[in-house]
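Okay, so here's the structure we're looking at.
The values are calculated or read from the model by the stated rules, or taken from the named source; none is laboratory data. Predicted, not measured: the structure shown is a model, and the values here were computed from it. Neighbour counts are summed over all protein chains in view; Cβ atoms, including those assigned to glycine, are modelled from backbone coordinates with ideal geometry. The protein model used for the area step is the full one, side chains on, heavy atoms only, and it has no ligands, DNA or RNA in it. Shrake-Rupley method; radii C 1.70, N 1.55, O 1.52, S 1.80 Å.
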Amino acid sequence: MKAFLMIILPPLVLLPLLGIDDEEPDIGRTAYMMGIMAAYWTSEALPIAVTSLLPVVMLPLMGVLPAEHVCQQYFKDNNFLFFGGLVVAASLEAVHMHQRIALRVLLLFGTRPHQLLFGFMVGTAFLSMWMNNTATTAMMMPIAEAVLGQLESIAESDGASTTNARLIKYLGKALMLGVAWAANIGGMATLTGTGPNIVLAGGYDALFPESEPLSFATWIGFAAPISALLVLAAWAMLMLAYVPRSTRQAYDADYTRMVIARQYSELGPISWRELQVFCAFVTLALAWITRHPGFCSGWDVFFEPGYVTDGTTAVTITVLLFALPGEPPKWCLWLHSWGTRAVEHVRSLWSPAQARPPAACPSNQIARAGQRAPAMRRR
């Protein structure tokens, strides 16, 4: 918590530096940034390497220098875009949020053969849009193998050797190929999905400097529909080739759903770190898409024209991931406990008979009155 305070206090304490020169506001803004960096370096509230990235964030946002001029002191702006995507993907893997997303997608689409294959391919393609293709495949393969292993074990216990052989031959091959194909197809959908996309964007900017650069929104608007159609086409091909209708009758969809649900329950409730990383992931995706959509004005109109890029957004979320506290603050815990008590109180209002003590329940009072009645008659 002390480190988190050391991250918050310097920007607030050094705010007067912004007004040291009204005629040249860039002087005050640069001094403000240097003061924050000096405070972070001396206190090590953030890692030294992360603090060194603050000019990439602060100078374009404050209107001092364009992002491309600042990034030239490090490397190209497009490289920062890829770097930020890698950091967010590594954060998803570190808190196991990628497994939660994948298993939830499988439960959402269903567990029959065609639904299971489609769910695996959609989940893999979606994760591959933001993560490395190889890492996505390496993450989804164990999940597919676990599902197949459980299905094989239940087939062997039933003594259905023919069903077991068909399951391995048809559904197993379809899942393995589907995951591999979907990882490559999903990497096409976003600018950060795979390395060649970044190389193409950099080459495009170098060959056509006068044209509008390829933004994240421009790329996803062009490539995402193509990627979606390719996923559907690949799914249809695999279904026709490896999962014929004759094998679908010997498939236990309920047991498959139980296996996936058990794997999901083993992850436990969502943690504070998972919630933070997921919010950062969603924020980064929305910021990339809405910065400069093309068909309307984006949020970059609030800054100097051409100063803020997708790389600036990626580095901002990267620094934020290092700055957020690993444990929830006390006020969050108090708010959570207060909200829990409020919900319990509201529930008690909806069921007053269950919330009251047994002596105060109307049914108990009627029963007691019935017991007293014979005694009163005898008197």
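In the range 259-280, the residues that are in the same structural domain as L116 (by the TED database) form Cβ pairs under 7 Å with partners that are open to solvent by 70 Å² or more (accessible area, probe 1.4 Å) and not in a helix (DSSP H, G or I), at six or more places apart or across chains, as follows: L267/H96; W272/E327. Within the range 89-120, if we keep just the residues that are touching a Leu at 6+ places or on another chain (Cβ under 6 Å) and closer than 13 Å to M131 by Cα, the residue that is modelled with the lowest pLDDT turns out to be H98.
Only one entry of A67, A38 meets the criterion of being of a type in the set (G, A, S), more than 22 Å from R273 (Cα to Cα) and in contact with a helix residue (DSSP H, G or I) (Cβ under 7 Å, 6 or more places away or on another chain), and that entry is A67.
Restricting the range 160-209 to residues that are touching a Ser or Thr at 6+ places or on another chain (Cβ under 7 Å) and not in a helix (DSSP H, G or I) leaves a set whose member that is modelled with the lowest pLDDT is G193. Among residues of the range 248-273 being farther than 25 Å from S128 by Cβ, open to solvent by 40 Å² or more (accessible area, probe 1.4 Å) and in a helix (DSSP H, G or I), the one that is modelled with the lowest pLDDT is R248.
Residue by residue, here is whether (1) out of contact with any Gly (no Cβ under 7 Å at 6 or more places or on another chain); (2) at pLDDT below 90 holds:
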{"site": "A3", "(1), (2)": "yes, yes"}
{"site": "M6", "(1), (2)": "yes, yes"}
{"site": "L15", "(1), (2)": "yes, yes"}
{"site": "D21", "(1), (2)": "no, yes"}
{"site": "E24", "(1), (2)": "yes, yes"}
{"site": "A31", "(1), (2)": "yes, no"}
{"site": "M37", "(1), (2)": "yes, no"}
{"site": "S43", "(1), (2)": "yes, yes"}
{"site": "L46", "(1), (2)": "yes, yes"}
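Name the residues in the range 210-247 that are assigned to a loop (DSSP other than H, G, I, E, B), open to solvent by 30 Å² or more (accessible area, probe 1.4 Å) and over 20 Å from P293 (Cα atoms), would you? If the condition is that a residue be assigned to a loop (DSSP other than H, G, I, E, B), open to solvent by 30 Å² or more (accessible area, probe 1.4 Å) and over 20 Å from P293 (Cα atoms), then P244 is the only one that fits. Checked against (1) open to solvent by less than 20 Å² (accessible area, probe 1.4 Å); (2) assigned by the TED database to the domain that holds V308, R112 meets all criteria but (1).
Listed by position, the helices (runs of 4 or more DSSP H) contained in the range 8-120 that have at least 2 residues being under 27 Å from T192 (Cα atoms) and small (G, A, S) are 77-94. Of all residues in the range 60-81, those being open to solvent by 20 Å² or more (accessible area, probe 1.4 Å), free of Cβ contacts under 8 Å to residues at least 40 places away in the same chain and among the aliphatic types (A, V, I, L, M) number 2.
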